[in-house]
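The values are calculated or read from the model by the stated rules, or taken from the named source; none is laboratory data. Remember, it's a predicted structure, so these values are computed and weren't measured experimentally. Reconstructed Cβ throughout: ideal geometry from the backbone, glycine too, with neighbour counts over all protein chains shown. Protein only, heavy atoms only, side chains kept; ligands, DNA and RNA dropped before computing areas. Shrake-Rupley method; radii C 1.70, N 1.55, O 1.52, S 1.80 Å.
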Amino acid sequence: MISRSYFTGPLTRFGLTVAAIVCALDQAAKIYLLFVFDLAANGPVRLGPFFDLVLARNTGISYGLFQTQGALGQWILLGFKTVAVLLLVVWLARAQDRLTALSLGLIIGGAIGNAIDRLAYGWVADFVFFHISTANWRFDWYVFNLADVAIVAGVIGLLYDSLVMDRAAKAP
């Protein structure tokens, strides 16, 4: 059996604090844009030459993959996300350095933020639209949210830790 102290080490607390902050910021942004600003009625909003605020209701997973239309599909995705978060928390409890704890906290917080949307609305609220346009060419990125940014940053941190930091630690 895993003892409670296994999950209360300083790196675990740090990672869980990061997760809580990410989730809170993500939910605050979504609540503001959905219910205070009412992005559905007032959007799209141009933020600059490359960014717009738009409302996209994502019933799938990252980048709109595996779109689901019914409640069963939403519950399956939520179940998958729950298992993933639990496994990430176990990984976090075993973290040996701050970068890993930070990265896992970012991923956990983002995953929970998106899971809250799925529970509350049946879809994930995405709102940042990145695009580049010239006279002859246009590039449109996916619509995403702060939770997605945190997840990507966390994955980049884990990759950096795994590929660069591990190599540096093993160097003679």
Point to revise | Label-point separation in nm, residue 162 to residue 131, each point 7 Å along Cα→Cβ | key: 3.4
Check your understanding: Of 48, 122, 15, which is the most mobile in a GNM of the chain whose springs link Cα atoms less than 10 angstrom apart?
Key -> 48
Check your understanding: Can you work out ³J(HN,Hα) from phi for every residue in the range 49-57, in order, using Karplus 6.51 cos²θ - 1.76 cosθ + 1.60 and θ = phi - 60°, giving whole Hz and x for Gly and Pro?
Key -> x, 10, 10, 10, 9, 9, 10, 10, 9
**Study point:** For residue 59, residues with placed amide H under 5 Å, excluding near neighbours
**Key:** 68, 124
Point to revise | Linear extension gain, residue 50 paired with residue 87, 0.36 nm per residue minus alpha-carbon span | key: 9.7 nm
Exercise for review: May I ask you to order 83-89, 102-108, 24-30 by the average number of other C-beta atoms within 10 Å around their residues, highest value first?
Suggested key: 102-108, 24-30, 83-89
Point to revise | Cα-based helix-to-principal-axis angle, 71-93 vs the chain, degrees rounded to 10 | key: 40
**Study point:** Dipole magnitude (debye, nearest 20) for the chain, charges at Cβ of Lys, Arg, Asp, Glu
**Key:** 380
Point to revise | Extension gain, residue 13 back to residue 35 (0.36 nm per residue minus Cα-Cα distance, nm) | key: 4.7 nm
Practice item. Can you send over the carbon and sulfur percentage of the accessible area for the chain, probe radius 1.4 Å, protein chains only? Key: 70
Review point. How much of residue 51 can a 1.4 Å solvent probe reach, expressed as accessible area in Å² and rounded to 10?
Key: 90
Review point. Which of these, 145, 42, 136, has the largest mean-square fluctuation under a Gaussian network model of the chain (Cα springs below 10 Å)?
Key: 136
Check your understanding: Measuring from centroid to centroid over Cα atoms, what is the spacing of the range 13-59 and the range 84-106 in Å?
Key -> 24
Review point. To the nearest 10 degrees, how steep is helix 10-31 against the longest Cα principal axis of the chain, on a 0 to 90 scale?
Key: 10
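Accessible area per residue of the chain at 1.4 Å probe, in Å²?
60
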Study note, to complete from the structure: Read-out Kirkwood radius over Cα pairs in Å, candidates (i) 17.5; (ii) 16.2; (iii) 19.7; calculated match is (i)
Practice item. Once you have a ≥ b ≥ c as the square roots of the Cα gyration tensor eigenvalues for the range 84-157, tell me rounded if a/c is under 1.5, and otherwise prolate or oblate according to whether a/b is larger than b/c. Key: oblate
Review point. So what is the calculated 222 nm ellipticity per residue for the chain, using -39500 (n - 2.57) for each DSSP H run with n of 4 or more, over all residues, to the nearest 500 deg cm²/dmol?
Key: -18000 deg cm²/dmol
Review point. Excluding ligands and nucleic acids, what accessible area in Å² is computed for residue 160 using a 1.4 Å probe, to the nearest 10?
Key: 110
